[in-house]
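See structure below.
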Amino acid sequence: MKRPLAMIVGTGHAVPKKILTNSDIAAMGIETTDEWIVERTGIRQRYVAGEGESLTSLSAEAARAAMKVAGVTAPELDIIVLGTASPDRLLPSTAVEVQAAIGATRAAAFDISAACSGWVYGMQIAEGLMALGGAETVLVLGAETLTRITNWKDRNTCVLFGDGAGATVVKRSTKGRGILSAYTRSDGTLADLLHRPAGGALRPVTPEVLADGSNCIAMAGREVFKNAVRSMADACDRALDGAKLAASDIDLLIPHQANIRIIEATAKHAGMPMEKVYVNVDRYGNTSAASIPIALDEALRAGRIKEGMTVMFVAFGAGFTWGSLVVRF
Ligand code: COA
């Protein structure tokens, strides 16, 4: 495959109406403070899906915004790939519900399960399907309603996550623009460090599971933190090597937005000053698969990315999964 083959031609994002601040969480009776959350994570608020909002509705809204920018109509989409860890239903995929909602009548639609790396994985799947020749226009979504699978009694996790959707329309490359390099890895030996212990087919939901919250996200925070820093550093190195570029060639780094300390450590490893790093974790919290495409859409709309610029994306999530992309705009 000769790169660049696939380029980003439109982005969009959507978030729920309701904002939950750190003080709101403390006021819910959870033993935490705004000060602790800001200092340890950089998060100040997050969006929380409410009545009438779903992964499908947020994804469809983000998709429509991205298609508008791309000048693409829904029936033109060949593939819809949706990265998520919080689908509306376990069967069928949320991608097919998005297909129906936007009227993408010709598309093949499916979800992928790569947690916070979902959008980076999805972009590589889009590129691969285009290389095979069967797809010209692909919609890649990263979307989450994580607050619905969060244990609101566990202060170690409930302060971290937020909801939202980010969408990207991908088409065949022109003028040397598009994905210059891509890298993905997983390590399933560490699966239990960040997971939902129950609620799947192995341990279905029972009254006991609901009572102890084991259908919700459970995490060994310190171990996840260490692995995130290590893996995102690896992903930066591999993406740069693959593109035969140095950190100084990168105009903007868009890392997964989990924690400001992880972002700073990643930037430091990559040798990139924080002025060249996009940060919005303070406003969204960790929106998992949605975090990078939301940040990308914001950065494009704010004029932080202009034609000809080179952007590096780096993700890490449950699995563990990690990966990166270097993209010329
Ligand atoms: N408010 C107040 N105190 C809290 C708290 C909260 N929301 N959550 C945890 N604490 C307490 C802990 O109980 C612990 O108390 P103890 O020392 O009395 O046992 C103390 O703070 C320190 O906990 P620790 O886990 O060591 O803190 P930390 O510095 O590692 O920060 C995280 C915790 C979760 C913020 C951090 O580990 C982290 O960000 N991990 C990665 C999470 C992540 O990004 N996951 C998704 C990856 S895609």
Would you mind computing, in nm to one decimal, how far apart the modelled labels at Leu202 and Glu264 are, each placed 7 Å from Cα along Cα→Cβ? 3.7 nm
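Ranked by Cβ crowding within 10 angstrom, fewest neighbours first, how are Val15, Val120 ordered?
Working: Val15 24, Val120 32.
Fewest-to-most Cβ neighbours within 10 Å comes out as Val15, Val120.
In whole Å and largest first, what semi-axes does the C-alpha gyration tensor of the range 6-175 yield when each eigenvalue is scaled by 5 and square-rooted?
Numbers: eigenvalues 213, 47, 38 Å².
Ellipsoid half-lengths, sorted descending, are 33, 15, 14 Å.
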Could you compute how fast the range 266-316 diffuses translationally, taking Rh as the Kirkwood radius over C-alpha pairs and applying Stokes-Einstein at 4 °C with viscosity 1.567 mPa s? Give it in µm² per second. 108 µm²/s
Run down the lysines and flag those whose C-alpha is under 21 Å from the C-alpha of Lys153, throwing out any fewer than 8 positions away in its chain. Lys18
Mean-square fluctuation maximum in Gaussian network of the chain, Cα pairs under 10 Å, restricted to Leu190, Leu160, Leu132, hits Leu132
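Rounded to two decimal places and with Rh computed the Kirkwood way over Cα pairs, what is Rg over Rh for the chain?
On the way: Rg = 18.6 Å, Rh = 19.5 Å.
Checking Rg against Rh, the ratio lands at 0.95.
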What are the trypsin sites (Lys or Arg not before Pro) within the range 90-161 that DSSP puts in a loop, where the Cβ has at most 13 other Cβ atoms within 10 Å? Arg106, Lys153
Based on DSSP H runs of at least 4 residues, each adding -39500 (n - 2.57), what is the mean residue ellipticity at 222 nm of the chain after dividing by all its residues, to the nearest 500 deg cm²/dmol? -10000 deg cm²/dmol
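For each of Lys244, Lys171, Lys268, Lys276, count neighbouring Cβ atoms within 10 Å of the residue's Cβ, then give the residues from fewest to most.
Lys244, Lys268, Lys276, Lys171
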Roughly how many nanometres apart are two label points built 7 Å out from the Cα toward the Cβ at Asp241 and Arg106? 4.0 nm
In nm, the gap between the two label points placed 7 Å beyond Cα toward Cβ at Asp192 and Leu5 is 3.9 nm
Using the eigenvalues of the Cα gyration tensor, what equivalent ellipsoid semi-axes result for the range 191-306 when each is taken as the square root of five times the eigenvalue, whole Å, largest first? 33, 17, 12
Connecting every pair of Cα atoms under 10 Å apart in the chain and solving the GNM, the largest mean-square fluctuation among Trp36, Trp152, Trp119 falls on Trp36
For the range 174-286, with +1 on Lys and Arg beta carbons and -1 on Asp and Glu, the positive-most of Met219, Pro273, Thr189 along the dipole: Pro273
Relative exposure of Glu136, Glu35, judged by other C-beta atoms within 10 Å (fewest first): Glu35, Glu136
Assigned charges on the beta-carbon of Lys, Arg, Asp, Glu; the range 203-329 dipole about Cα centre (debye): 140 debye
Here the gain from full extension of Ala27 to Ser113, 0.36 nm per residue of separation minus their alpha-carbon distance, amounts to 27.6 nm
Which aspartates and glutamates, if any, have their Cα less than 16 Å from the Cα of Lys17, not counting same-chain residues under 8 positions apart? Glu51, Glu53, Glu61, Glu144, Asp163
Counting only pairs 8 or more residues apart or on different chains, how many lysine pairs in the range 172-329 have their Cα atoms under 22 Å apart? 8
Projecting the Cα atoms of Ala104, His256, Gly303 onto the charge dipole of the chain, where Lys and Arg contribute +1 and Asp and Glu -1 at Cβ, the residue farthest towards the positive end is Gly303
Which residue, Met272, Met28, Met312, has the most motion in a Gaussian network model of the chain that connects Cα atoms within less than 10 Å? Met28
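Just so you know, all these numbers are worked out from the coordinates, no wet-lab data involved. In this text, all values refer to a predicted model and were calculated from it rather than measured experimentally. Note that each Cβ is placed from the backbone with ideal geometry, even for glycine, and that neighbours are counted across all protein chains shown.
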